[in-house]
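A quick write-up on the structure given underneath.
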Amino acid sequence: QVQLVESGGGLVQPGGSLRLSCAASGSIFSASVMAWYRQAPGKQRELVAAIGNPGSTNYADSAKGRFTISRDNAKNMVYLQMDSLKPEDTAIYFCKATHLSNIYWGQGTQVTVSS
């Protein structure tokens, strides 16, 4: 079993930065593929970035060049550094862990980009 808790969301002006964190419990973290998804009002949840172990990454086109996903297996943490934020990045951001056929989600953290 894995529990995920996101933090770091908030209100930021366009062009600003935020760093999201996801704390994971459980012993399978290092063997899990970790990812950040987001869901804007009225839209489907979409992949933002994913990271395997030992650290291969995958980004949505909208995130390439602006967002960076990373993980710290010693701390059971995954991060999403978001720079050059745009109003269209406004959404609830969710952390996801995939281990074998099991999928776990966090409760989400709100990111609002507005002046």
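Tabulated data for the structure shown
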{"quantity": "Residues of the range 44-61 satisfying the condition of being in contact (Cβ under 8 Å) with a residue 12 or more places away in the chain, assigned to a loop (DSSP other than H, G, I, E, B) and under 23 Å from residue 113 (Cβ atoms)", "calculated": "45, 60"}
{"quantity": "Subset of the range 90-102 [closer than 30 Å to residue 31 by Cβ and either at pLDDT 95 or above or in contact with a Ser or Thr (Cβ under 7 Å, 6 or more places away or on another chain) (or both)]", "calculated": "91, 92, 93, 94, 95, 96, 97, 98, 99"}
{"quantity": "Where a residue in the range 29-41 is under 24 Å from residue 62 (Cα atoms) and its partner, wherever it lies, is open to solvent by 60 Å² or more (accessible area, probe 1.4 Å) and not in a loop (DSSP other than H, G, I, E, B), with Cβ under 6 Å and at least six apart", "calculated": "39/92"}
{"quantity": "Unique residue being out of contact with any Asp or Glu (no Cβ under 8 Å at 6 or more places or on another chain) and hydroxyl-bearing (Ser, Thr, Tyr) when the list is 17, 21, 32", "calculated": "32"}
{"quantity": "So residue 74, is it without any contact (Cβ under 8 Å) to a residue 24 or more places away in the chain and in contact with a Leu (Cβ under 7 Å, 6 or more places away or on another chain)", "calculated": "no"}
{"quantity": "Residues that are among the small types (Gly, Ala, Ser) and under 20 Å from residue 4 (Cβ atoms), drawn from the range 41-55", "calculated": "49, 50, 52, 55"}
{"quantity": "Residue 65 vs. criteria farther than 21 Å from residue 107 by Cα, open to solvent by 30 Å² or more (accessible area, probe 1.4 Å) and of a type outside the set (D, E, K, R)", "calculated": "yes"}
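The values are calculated or read from the model by the stated rules, or taken from the named source; none is laboratory data. As the structure is a computational prediction, the values presented were derived from the model and not from experiment. Backbone-built Cβ (ideal geometry, glycine too); neighbour counts: all protein chains shown. The protein model used for the area step is the full one, side chains on, heavy atoms only, and it has no ligands, DNA or RNA in it. Shrake-Rupley method; radii C 1.70, N 1.55, O 1.52, S 1.80 Å.
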